[in-house]
Amino acid sequence: MDLFAQLLVNGIIAGSLYALVACSFGLILGTTGTFHFAHGVVYAAGAYGTYFAASRGLPLWAAAGAGIAGAALLGILIELVVYRPLRKISASPLVILIASLGTLIVLENAIAIAFSTDAKVLEGFPRKGVIVGGVGFTTLHVTMVAVSLAAFLALLAFLHWTRTGRAIRAVATSPEMAEIVGIDTGRVFLLVFAIGSAMAAPAAILIMMDRGGTPDMGMEAILIAAIAVIVGGIGSVPGAALGALIIGLAQNLGVMKIPSEWQAAIAFGVLLVVVILRPHGLLGKKLKKAEI
Amino acid sequence: MRRTFLSVVALLSVIALVALPAGAADPKSYKIGTILAMTGAGAFYGKVMSQGAQLAMDELNAKGGIDGVKFELVVEDHKSGQPKEAVSAINKLVNIDKVPFILTSYSSPTLAILPIATEHKVLLLNGGGVSPKLVQPGSVLFHNRVLASYQALGVVDRAKERGFKKMAMLHWNDDAGNGVRDFIVPIWKKMGGTVVADEAHPVGATDFTTQVAKIKQAQPDFLAMWVWGKDIGIAVKQARDLGFTAPIMGIEYTPDAAKIAGPALEGEEYVTDYFNPEGGDKWTRDFAAAYKKKYGEDPEIYAANYYEGVYILAELIRAAKKKGGDHWNGERLKAALQEIRKFPSVYGGTVDFQEDGTSLKRVALFEVKGEKPTFRKFIEIKK
Amino acid sequence: MDYVVHVAINIALYAILGVSFNLLLGYTGLFAVSHAAFFGIGAYASALLALHAGLGFLWGMALGIVVAGLVGAVIALPALRVSGDYLVIVSFGLQTIVFSVMLNWQDVTRGVAGLPGIPRPGLLGWKVTTPSQYLVLFLAAAALCFFLARRLTHSPFGRVLKAIREDEVATQALGKNITRFKVLVFVVAGALAAVAGNLYAHYITFINPFSFTLEESIFIMAVVIVGGAGNLWGSLLGAAVLVIMPESLRFLQVPPTVSGAIRQLIYGVLLVLFMRFRPQGLWGEHAARPAAGPPRPPEMKAVAPPAKPALSPPSERPLLEVSDLTKTFGGIRALSNLSLVMPQGTITGLIGPNGAGKTTAFNVITGFLSPDAGRVFYRGVEITGLAPYRVARLGIARSFQDLRLFQRMTVLDNVLVARPEQSGERLGRALAAGAGSRREEAANRDAALAYLDFVQLLGKADEVAENLSYAEQKLLALARLLATEAELLLLDEPTSGLAPTTVGDMLALIRKLTDRGKTVCVIEHNLDVIKGLSERVVFLDGGEAIATGTPETIMADPRLADLYFGR
C-alpha cells in the first residue's frame, strides 16, 4: 500500500508538470492551428532566462518573473518571424512543422552555446522534505502541484469569463467567422502565443529547481504535451490537463506491473489505446466520419 | 527549371566555400583525433575531455612540443553516443586529417569505429567508456580508465566492512550498468549478502521517483548505484526527497552530479579512480591548478584521463622516435605502448596497461563530506 | 578517396530512405513520422539473422522486408483511423514504441549496448570489404529502389495515391478503397526502408537503438521536403544536400567546445530558411514535367464516347429507391422519413430551401452518412450503409458542391483516376507492368481524352487543375464524374456560380447524358435550370419530400413557393 501511495503521489506531481505544458501547447494548437514544436525550447528558455536573471543578482521570485516574461516574448517573436510569413504564403502544415523544428534546433543550440550543456540548477527555493503516511515529497513538489492547478483554473476562467478569452475561443472555433464579426485574429494569435509561452515557463523553472535543466529539456516535454493533447482531445484545455494527468499517473503507477525501464513507452501506449478506441480524444469534439 | 538550377548552384557554392579544408594535413605537426560527446545529453563530458586534452597539448607545446614538432587537436562529435556519427568522424579523421592516434569516448561509438581503426591501424585510447564489451584483447583499443566491474568490487567489500547484508541496486539500463550488475551480484551473494531490489533506468533519465519508490519499499541496508554522470545527482536527490534514508554507495562522482544533488549527496561513499587534487601527488595538484586557471572550474577524472592520454602519447612518440624510421603511425605507437606498459599517471603513481588493453591505476574510497569529496583510503582490487 | 566514398554511401542510403518516405508523404500525403522505425526494424532483423543464424546478407534483407512489411500493415490500420495532425503524433508513438522495444528487449537486442560485429555482406560468393565495393552495392540498391518507386508512382496505383493526398472524400466517391491503398503504401515504404536498414547494418557493422530515433525520422522527412515532396528525383537531391551540408560544416574552424552546437545551429537556420523561401523543395512536384505546351491534338479518330454495352431496357422498377430515410444531427432532423424514386433514364430535379436536406440525402444515398432509419435500394438491391467506395463501384457517382477536384494533379489525371477497374491499381500489376497493362492504360487514356473533349476541355488536358477557371473546373468535375461510367449520376449544384452562357453549355451537356442512357438527379437552386432540364421534380423541405411532379406543376404551387422563399 505504501508503494502504491508513493507512486500515486509521484504520478500526480508528474501529471501537474505535464499539464502546464500540455494546456499551453493545446491552447496554441487549438487556436492557431500551428503545431508549435518550438514550444519546447520556449519552455526551456523560460528556465534559462530565470537562471540568467538570478545569476545577475535578482531574487528568485523576480528572476522567475523575468524568465516568464522572456518566454512570452520569445513565443511572440517566433510567431511573428517564423509562422506568420509562412501562413501568408499559404505554406502547408508540413512546411510549418519543419520550420518549427528548425527553430527549435537553432534556439536549443543557441542556449547550449551561451550557457554550455551541463545541467544548471536554480538555487534558492526553500525545499523541505516531508513524509506523510510513508509517502515522501518536498515543499517544492507541493508548489508544483499548486502552481499547475492555479494556472489551469486561471486559464479556464480567463477563457470563459472575459471578453478577450471569448474572442480566443471564437477564433479557435472558426477563424473566418471571427474575422467576420470583427475580431482581429492576428492579435489574438499573438496573445495566445504569449499566454501559452508564459504558462509553460513555470514548469521548466520548477524542474530546473528540482533536478536541473539542460538545453534539450524541452524535447521530451513537448512530446508528452502533444500526446496529452491528443489523448485529451484537440481543442479542449480541460482535456489536455486530463490527458497530462492520465499520462503522469500511468507512467508512475504502471511500473508496479511493468519493469521501470519501459516507462518511456507507457505514454505512447496510452496514446495508441486512446487513438484506437476514441480517436477524437477523451474530451474532444467528435470528428465526423467525412466532412462533406 | 533554370531558377531551380541556379538555386542549387548557389547552395552548392556556399557549401563548397565552407567546405574548404582548414589546411591540408601537416606532417610537421602531431595531429591527434578525438571523438567525443560535444553535443547532446553528454556534452558536459565532451567539454571536459577536450579541455583536458587541450591543456596537456598546450603544456607540451609551450615546451616546444617534441623536438620542435608541436601537437594539434582535432575534435569531432559523436553526438552523445551515435555510432553513425562516430563512423563519419573517424572516416574524416583517418582519410583527411590522417591521424594515427585517436582519443575515443563512450562505449557504442568506440565499438562502431573499432573495425575502421583496426583496418587503418589507428591506435585508440579510451578514457571514458565503461562497457565490459570494450575489453578487446589484442586489438588497437586501450583504456586508461579503470574498469567499472573492479570498482564495484571495491564497493561490495566496503559494504561488507560496514556490516551491510541487504543490497538494493539502481543501475543504467545498458551494457555498462547491466554488465556491472551481472558481474557483482554472484560475488555479493557468495559473500553472504542478499539483493532486495534491482532497478534499472534509461541513461540520461531525469525522473527516478518510481525506481526510488520501489527501492524504498524493499528496505535495504544500502543502495548501490551502478550509475554514471549527472544521473547520479538527480537520483540521489530524489531518493532523499522521497524519504529514503539508507546509505548510498557508488562508483562515480562528477561535479555536475554534485551540483544537482547539493546536500543530498552528503555521506555518500564511492570507489573510483584515485584522482585527488587535495592530497596526492605534485603532478595532480599542478594539473588541477593549471586546469582551474585556464577553464575556471575544477577538473574531475574525465578531464584528467584525457589530459593523461596526451602525455601517454608523448611518451609513445619519444620511444618510437628513438627506434628510428617513420615513427608517426599507429603500428609503431601501439608497439611502443605494449613495450613500455607503465606510464606516470596524473593521479599519482602509475597507469599500468594489461595484456587485454585495460589498465590498473590507483583506486580509492571517497566520502562526500561538506559537499566535497574526501579521500578515505586506498582500495586493493583483488581480481 | 575513402572519405568521399563514405559520404557518397551515406547519400545513397538516404536516397533510399528519402524515396521510400516520399511515397508515403509526398505522394499519398500521409504525414507519418515513423520511417526510422522501419529503418531500424530492417537493420535489427538482418543483423540478428546474420549474428545468430549465420544467414547471409540477402536472407537478412528478405527477413527485414517481411518483418517491416508486417509491422507496417499491422500499424497502418489503427494509425489510419486518424489523419492530419493526429497521424503525426500516432506515428511519433509508433516510433517511440519501436525504439523502446529496441532499447528494452535486452535479451534479443542487447539494448543500448547494441549489436556489434555484424559480418560484412557476401553476395553470391562476392565479399564486400572495401569502401568502393560498398559504394557499388549501395548504388545498385538505391537504383533498384528508385526504379521500383518510380514504377509505382507512374502507375494507376500511384495516381490513386496522389488523389488520396488531394482529397480523400472525392477519391472514395470514385470507387477507390482508400484504406487498402494507404495500408499498401505503408507496407511498401516500410519494406524499402528495411532494405536501407539491412545495408546500413552490414556497412557500419554495429547498430544500436540510437541510430533509429525520432530525430532520424525527422531528418528523413527533411530530406523529402528539401528535395521536393512528390518528386522522386527531388529526394535524391535532398539526400545529397542534407548529407553534404553537415559534413562540410565539419571543416569550419570553431572552438571545439561549441563546434558541435554551432554546426547544429547552422543546420537549423538552413532548415528554417529553406522552408521560408523554398518550401516546395528544390524540385517541386511538376518540375520534372515539360511545360504545358500547345493543346495536344486529339489522337483518337472520332470523338464518339466509348461504347458501353446497352443498358437493359428501362424496367418498371426505378433505378434508385429511397424509403423512409431519417437522419438526425445533434438535435436537428436533417432527413425525416424521406422517400423518393429515380426512374431509369430520367432527369430528376431536387429542390427546396436551404437546409432542406438535399445534400444530406445525397450523402446518405452514396454511403458517406449512415441513416438512423430507412433504406436505400439500387436496382432493387439494398445498399443502405455500404461504404462510399462500394456504392460508387455499383454504379452511383456524385459530384460535390465544393467540387473537390484533385488540385495539384493535371486535368487529364483527374479524369484518368476516375476510370473504373484499372488493373494497374493493384500493387503487383503496378510494379510489374507488362504489355497488357500498357494497353489498358492507353485505352483509358483515350477514354479520358474523349470525355474531356465532351466537356470541351481537351486543350487543357496537361494543365494543373488548380490553374483552371471556375467554369472550367466545374466542367472538369463533370468529366471526372462521367469517366466512372456510372449509370446514376447525382449532381450537386452543377451550375451554381456560372455565367448564364456557361450555364447553357452545362445544360446541353447534361441533357446529352440521358441520350446515353444515364439516369441523373440534380440539386439546383436555379429554377430555370430545373425547368429546362428535368422531367420530374421533387420538393424537399425539413427533410421530407413534400411534393413530386413536373416542374410546371411544382413551381405553380403557391404553397411551395412560400416554403421555398421562406415566407
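The values are calculated or read from the model by the stated rules, or taken from the named source; none is laboratory data. This structure is a prediction, so every number in the text was calculated from the model and none was measured. Reconstructed Cβ throughout: ideal geometry from the backbone, glycine too, with neighbour counts over all protein chains shown. These accessible areas exclude ligands, DNA and RNA; they are computed on the full protein's heavy atoms, side chains included. Shrake-Rupley method; radii C 1.70, N 1.55, O 1.52, S 1.80 Å.
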Rounded to the nearest 100 Å², the accessible area buried between A and B, both sides, probe 1.4 Å, is 2400
To the nearest 100 Å², how much accessible surface do chains A and C hide from each other in total, with a 1.4 Å probe? 3900
Debye sum, Cα scatterers, region C:473-545, no solvent: what log₁₀ I/I(0) at q = 0.16, 0.25, 0.26, 0.27 1/Å? -0.57, -1.32, -1.40, -1.47
Using all alpha carbons of chain A, what is the percent of pairwise distances in each 5 Å bin, ordered from the shortest bin to the longest? 1, 6, 11, 16, 18, 17, 14, 9, 5, 2, 1, 0
Give me log10 I(q)/I(0) at q = 0.10, 0.11, 0.17 Å⁻¹ for region A:1-124, Debye formula, one equal scatterer per alpha-carbon, no solvent. -0.41, -0.49, -0.96
Could you give the C-alpha radius of gyration of region C:150-258 expressed as a fraction of 2.2 N^0.38 Å, taking N as the number of residues it contains? 1.39
So the carbon and sulfur contribution to the accessible area of region A:45-199, 1.4 Å probe, in percent, is 70
To one decimal place, what orientation-averaged projected area in nm² is obtained for the convex hull of the Cα set of region B:30-181? 10.9
Region C:199-281: translational diffusion in µm²/s, Stokes-Einstein, Kirkwood Rh over Cα pairs, 20 °C, 1.002 mPa s: 151
Going down the list B:LYS47/B:LYS372; B:LYS84/B:LYS323; A:LYS128/B:LYS369, which pairs span over 31 Å between their C-alpha atoms? B:LYS84/B:LYS323
Here the longest stretch of chain C that holds no chymotrypsin sites (Phe, Trp or Tyr not before Pro) in a DSSP loop having at most 15 other beta carbon atoms within 10 Å is C:252-567
P(r) tail fraction, region C:88-215 - alpha-carbon pairs more than 17 Å apart, %: 70
Hull-based mean projected area of region A:71-212, where the convex hull spans the alpha carbons, in square nanometres: 11.8
With a 1.4 Å probe and ligands and nucleic acids left out, the total accessible area lost when B pairs with C, in Å² to the nearest 100, equals 3700
Viscosity 1.002 mPa s, temperature 20 °C, Stokes-Einstein D of region A:184-268 from Kirkwood C-alpha radius, µm²/s: 148
Net charge of neighbours whose Cβ lies under 13 Å from the Cβ of A:LEU104, counting Lys and Arg as +1 and Asp and Glu as -1: -4
Any chance you could get the radius of gyration and Dmax over the Cα atoms of region B:317-383, in Å? 17.0, 55
Report the equivalent ellipsoid semi-axes for region B:29-91 in whole Å, largest first, defined as the square roots of five times the eigenvalues of the gyration tensor built from alpha carbon atoms. 26, 14, 5
Principal axis box of region A:130-171, alpha-carbon based, largest edge first, Å: 48, 15, 14
In Å and on Cα atoms, what radius of gyration and Dmax does region C:20-63 show? 13.6, 40
Rounded to the nearest 10 Å², what accessible area does C:THR495 have for a 1.4 Å probe in the complete protein model? 10
Rank these by accessible area, largest first, 1.4 Å probe: B:ARG362, A:ARG84, A:ARG56. A:ARG56, B:ARG362, A:ARG84
Put C:GLU321, B:GLU161 in order of accessible area, largest first, probe 1.4 Å, and you get B:GLU161, C:GLU321
Which residue fluctuates most in the GNM of chain A (Cα springs below 10 Å): A:LYS120, A:LYS128, A:LYS257? A:LYS257
Remind me, what semi-axes does the protein assembly as shown give for its equivalent ellipsoid, largest first in whole Å, using sqrt of 5 times each Cα gyration tensor eigenvalue? 63, 35, 26
Over region C:1-120, what number does the Rg to Rh ratio reach, with both radii from the alpha-carbon atoms and Rh per Kirkwood? 1.00
Hydrophobic long helices for chain C, i.e. whole DSSP H runs reaching 18 angstrom or more by Cα along the axis with Kyte-Doolittle mean at least -0.5, come out as C:2-22, C:35-52, C:57-79, C:85-104, C:131-153, C:178-204, C:214-227, C:232-249, C:256-277, C:470-483, C:500-515
Over region B:57-114, the quotient of the Cα radius of gyration and 2.2 N^0.38 Å is 1.31
Distant alpha-carbon pairs in region C:514-567 (separation over 16 angstrom), percent: 43
For a quick check of understanding: with a 1.4 angstrom probe and all protein chains in place, what accessible area in square angstrom does C:VAL258 have, to the nearest ten? 30
Across 10 Å bins beginning at 0, the whole-percent shares of Cα-Cα pair distances in region C:355-507 come to 10, 34, 34, 18, 3, 0
Semi-axes a, b, c in Å (a largest) for region B:283-354, each sqrt of 5 times a Cα gyration tensor eigenvalue, come to 27, 13, 9
In 10 Å bins starting at 0, how do the alpha-carbon pair distances of region B:215-305 split up by percent? 16, 43, 28, 11, 2
What do you get for Rg/Rh of region B:206-263 when both radii come from the Cα atoms and Rh is the Kirkwood radius? 0.93
Could you state how much accessible area A:THR164 has, in square angstrom rounded to the nearest 10, with a 1.4 Å probe and all protein chains kept in place? 70
Based on C-alpha coordinates, I'd like the Rg and Dmax of region C:395-442, in Å. 13.3, 40
Please work out the ratio of the alpha-carbon Rg of chain B to 2.2 N^0.38 Å and round it to two decimals. 1.05
